[in-house]
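Encoded as structure tokens, the structure appears first; notes follow it.
The values are calculated or read from the model by the stated rules, or taken from the named source; none is laboratory data. Quantities reported herein were computed from a predicted structural model and do not represent experimental measurements. Neighbour counts are summed over all protein chains in view; Cβ atoms, including those assigned to glycine, are modelled from backbone coordinates with ideal geometry. All accessible areas refer to the heavy atoms of the entire protein, side chains included, with ligands and DNA or RNA removed. Shrake-Rupley method; radii C 1.70, N 1.55, O 1.52, S 1.80 Å.
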Amino acid sequence: MRELSLNILDVAHNSIAAGASLLEIVVEENSASCEMLIGIYDNGCGMSADEVQNVTDPFFTTRTTRRIGLGVPLFKQAAEMTGGAFRVESRKNAGTRITAQFKTDSVDFIPLGDICSTILMLITMNTNRDFLYRRIIDGREFALDTRELKDILGDVPLNEPEVAEWMRGFIEEQTQIISGGVK
Amino acid sequence: MKTLEELNAIREKAKATMTVREDNSDVIRVVVGMATCGIAAGARPVLNSFVEEVARRRLKNVTVTQTGCIGMCQYEPIVEVFEKGKEKVTYVKMTADKVARIVNEHLVNGNVVTEFAVGSFTK
Ligand SMILES: Nc1ncnc2c1ncn2[C@@H]1O[C@H](COP(=O)(O)OP(=O)(O)O)[C@@H](O)[C@H]1O
């Protein structure tokens, strides 16, 4: 993948396939320690210990249409080749937590890319699920929680073009603020 | 600053203008393959462009959705167009640049853009 945000989009689809009603996506950067942490946490069907062990193996998938599942292994590789770490924790009928840690000063670090498009696509294509997106840069944080937005919007869906536009503006503006870009 | 109060205003406005989907008989479904292979090949901007173009032109009879692996990974990004009473059309090696033409010529005017469709790639 050319951007980590594409790995996030891909791996988050597993959470949706797992029937998750709530997905939390966390992207945390720390410039002093040159680290980035990406977390994808869901309350989907989860995996058994065996399945967890197999999920990072490119020849494992429970899908029957195609034998090879590459999503998780690619994400793992992207983290490990920077000297970072990768973890999958899961419990059957409870959920899954995928955590990838990157060393951003590594020559093999792939940029995060257009994370805003990834988050918006997940939200607008899956309006029946809830998403909590948390972005943290050097200790400054903002969050976008679709449960909060739905309370305000009532019957108006999150994929209504004006709502999507508002969310894009919100994410871009807040990201700039916590990066120290604008006051 | 984008505020939650703004969302309230958007809600009021949207409630007034939101049209109920027209009669399902003429609904066109655009389906973008978004499995690992599709995403890696560039499906995200393609899906984005379809959503934006359909919204911009206010095409109420078109829905844009995503699916998993369509099974021809070497032709990704792949987009399938389903329309009642017509054969499925498969667009391959899609890019965001091709989207406006497909929306205009195919979805609006009913003419398949054959140079982007699967037939012309497999021949
Ligand atoms: N969040 C999750 N919850 C439950 N099962 C998961 C999750 N992520 C991955 N899996 C399981 O691991 C398999 C492999 O995932 P992945 O490597 O992304 O390949 P693919 O999605 O292409 O099959 C999935 O098919 C699914 O059975």
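Spatial offset of segment A:1-34 relative to segment B:78-103 amounts to 28 Å, using the alpha carbon center of each. A Förster radius of 22 Å combined with the Cβ-Cβ distance from A:I178 to B:E6 puts the calculated FRET efficiency at roughly 0.65. Its Cα centre serving as origin, the protein assembly as shown has a Cβ charge dipole (Lys and Arg +1, Asp and Glu -1) of approximately 740 debye.
Counting only protein chain heavy atoms and rolling a 1.4 Å probe, the accessible areas of B:T17, A:T56, A:T82 rank, largest first, as B:T17, A:T56, A:T82. Across the options A:C45, B:G42, B:T67, the greatest Cα extent toward the positive end of the charge dipole of the protein assembly as shown (unit charges at beta carbon of Lys, Arg, Asp, Glu) belongs to B:T67. Accessible area per residue was computed with a 1.4 Å probe on protein heavy atoms; B:K86 scores about 110 Å².
To the nearest 20 Debye, how big is the dipole of segment A:124-179 about its Cα centre, given +1 on the beta carbon of each Lys and Arg and -1 on that of each Asp and Glu? The partial results should precede the final answer.
Details: 7 positive and 12 negative charges, 50 e Å.
Roughly 240 debye, rounded to the nearest 20.
Among the cysteines of chain B, those with no neighbouring cysteine Cβ under 4.7 Å are B:C69.
Looking at A:S106, A:I25, A:G83, which one has the Cα that reaches farthest to the positive end of the dipole of chain A (charges on Cβ: Lys, Arg +1; Asp, Glu -1)? Projecting each Cα onto the dipole axis, the largest value belongs to A:G83. DSSP beta bridges confined to the protein assembly as shown are antiparallel in about 75 percent of cases.
Pull out a ≥ b ≥ c, the square roots of the eigenvalues of the alpha-carbon gyration tensor of segment B:23-122, then state rounded if a/c is under 1.5, prolate if not and a/b is larger than b/c, and oblate in the remaining case.
Numbers: a/c = 1.56, a/b = 1.37, b/c = 1.14.
Taking the square roots of the gyration eigenvalues as a ≥ b ≥ c, segment B:23-122 is prolate.
Chain A and chain B together bury an accessible surface of about 2800 square angstrom, both sides counted, with a 1.4 Å probe and no ligands or nucleic acids included. Of the whole protein surface, A:M36 contributes about 10 Å² of accessible area at a 1.4 Å probe radius. Of the solvent-accessible surface of segment A:75-179, computed with a 1.4 Å probe and all protein chains present, 44% belongs to carbon and sulfur.
Anything over 23 Å Cα to Cα? Flag those among B:K13/B:K60; A:K103/B:K93; B:K15/B:K88; A:K76/B:K98; B:K15/B:K60, in the order listed.
Working: B:K13/B:K60 18 Å; A:K103/B:K93 33 Å; B:K15/B:K88 34 Å; A:K76/B:K98 33 Å; B:K15/B:K60 16 Å.
In this structure, A:K103/B:K93; B:K15/B:K88; A:K76/B:K98 lie more than 23 Å apart at Cα.
Past the 30 angstrom mark, what percentage of all C-alpha to C-alpha distances in segment A:4-179 do you count?
Details: 2809 of 15400 pairs.
Cα-Cα pairs of segment A:4-179 separated by over 30 Å account for 18 percent.
In the full protein context, the protein assembly as shown carries 50 Å² of accessible surface per residue, based on a 1.4 Å probe and ignoring ligands, DNA and RNA. Here segment B:23-122 has 47 percent of its accessible surface on carbon and sulfur atoms, given a 1.4 Å probe and all protein chains in place.
Taking only alpha carbon atoms, the protein assembly as shown gives an Rg to Rh ratio of 0.97, where Rh is the Kirkwood radius.
For chain A, give me the percentage of DSSP beta bridges that are antiparallel, rounded to the nearest 5 percent.
Around 80 percent of the beta bridges assigned by DSSP in chain A are antiparallel ones.
Placing unit charges on each Cβ (+1 for Lys and Arg, -1 for Asp and Glu) gives segment A:4-179 a dipole about its Cα centre, and among A:T56, A:S179, A:Y133 the Cα reaching farthest toward its positive end belongs to A:T56.
Using only side-chain charges placed at the Cβ, +1 for Lys and Arg and -1 for Asp and Glu, the dipole size of segment A:4-179 relative to its Cα centre rounds to 700 debye.
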